[in-house]
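Only one structure is covered here, and it is reproduced in the block below.
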């Protein structure tokens, strides 16, 4: 249909041109009139063209109204479904009636209960303090650190390797160890003393034993007067127990030591000694006598 209209417009323009060519003088126009004419002709062409703007921006008011109604119905239906899914709130419980009480009787009963509870607490505290005092008077402070400890002395030894036995030979206090050597000497820090624990390694087999303590990963924590001083130092001394390596003849002894630093005041008041010794990750509490 638009094609026919477009053809009619072209035909009208051609007839007008023919008319002008048949002796009629071409009308004279000003520049404004010419511009208006061209604009009007262009509008006609765009209106009846398939690619015209009017066809692109045309909107049907009835269709828009129908679409709006559909969208409104969808929104209302969705809101109704969501309201049905929500659970109804539970009714609030009714408060129970409060029974009147005698205020004087209640206060008297409460004061009596408080007095009984206070008396029981005081009795329990007195009993606990008596038990604590009894334990403090009878308990050895070393036992709390070295619970279940074994005794190590010159007469009692522990087998730490196959046929190799360790025994405790006593301790000494000094500022330098060894005192008579000019090489491999360990000096105490200022205001400190060296606590030297002396041990004996004994070969109980019938043949020479090659002993290397390093693979045993031996560590020791010194317990002085019931207080754990921490790990002892590992030195480069040839007779350090943790790093000793050498051959021990059959039925022979080798002297080894463990060193740690203590304060000068602790060096003058040694009452008990012990160790927490670990060999290959296995720990054992030892009392040194």
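The values are calculated or read from the model by the stated rules, or taken from the named source; none is laboratory data. Only a predicted model underlies this, so the values are computations on that prediction, with no experimental measurement involved. For neighbour counting, all protein chains shown are included, and Cβ atoms are generated from backbone atoms with ideal geometry for every residue, glycine included.
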Neighbours by Cβ (under 7 Å, 6+ apart or cross-chain): first from the range 223-245, without any contact (Cβ under 8 Å) to a residue 40 or more places away in the chain; second loosely packed, with under 15 Cβ neighbours inside 10 Å: 239/255; 243/214; 245/212; 245/214
Filtered residue count, the range 150-163, keeping only those that are surrounded by 15 or more Cβ atoms within 10 Å (Cβ to Cβ) and in contact with a strand residue (DSSP E or B) (Cβ under 6 Å, 6 or more places away or on another chain): 4
Any hit, the range 227-235, residues being within 46 Å of the chain's Cα centre (by Cα), closer than 14 Å to residue 161 by Cβ, in the same structural domain as residue 159 (by TED's automatic domain parsing) and surrounded by 12 or more Cβ atoms within 10 Å (Cβ to Cβ): no
Output for the range 264-286, where each listed residue is in contact (Cβ under 8 Å) with a residue 12 or more places away in the chain and more than 39 Å from the chain's Cα centre (by Cα): 264, 266, 267, 269, 270, 271, 272, 273
Residue match in the range 262-278 (condition: out of contact with any strand residue (DSSP E or B) (no Cβ under 7 Å at 6 or more places or on another chain), surrounded by 15 or more Cβ atoms within 10 Å (Cβ to Cβ) and assigned by TED's automatic domain parsing to the domain that holds residue 153): yes
Count of the range 178-202 residues which are at pLDDT below 95, more than 46 Å from the chain's Cα centre (by Cα) and surrounded by 15 or more Cβ atoms within 10 Å (Cβ to Cβ): 1
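For the range 128-145, state whether one or more residues are closer than 24 Å to residue 276 by Cβ, modelled with pLDDT of 90 or more and in a loop (DSSP other than H, G, I, E, B). Write out each step before concluding.
First pass over the range 128-145, keeping only residues closer than 24 Å to residue 276 by Cβ: 135-136, 138-145.
Applying the additional criterion that residues be modelled with pLDDT of 90 or more yields none.
Looking for residues that are closer than 24 Å to residue 276 by Cβ, modelled with pLDDT of 90 or more and in a loop (DSSP other than H, G, I, E, B), one finds none in the range 128-145, hence no.
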Yes/no for residue 239 being modelled with pLDDT under 95, surrounded by fewer than 19 Cβ atoms within 10 Å (Cβ to Cβ), within 19 Å of residue 157 (Cβ to Cβ) and in contact with a strand residue (DSSP E or B) (Cβ under 6 Å, 6 or more places away or on another chain): yes
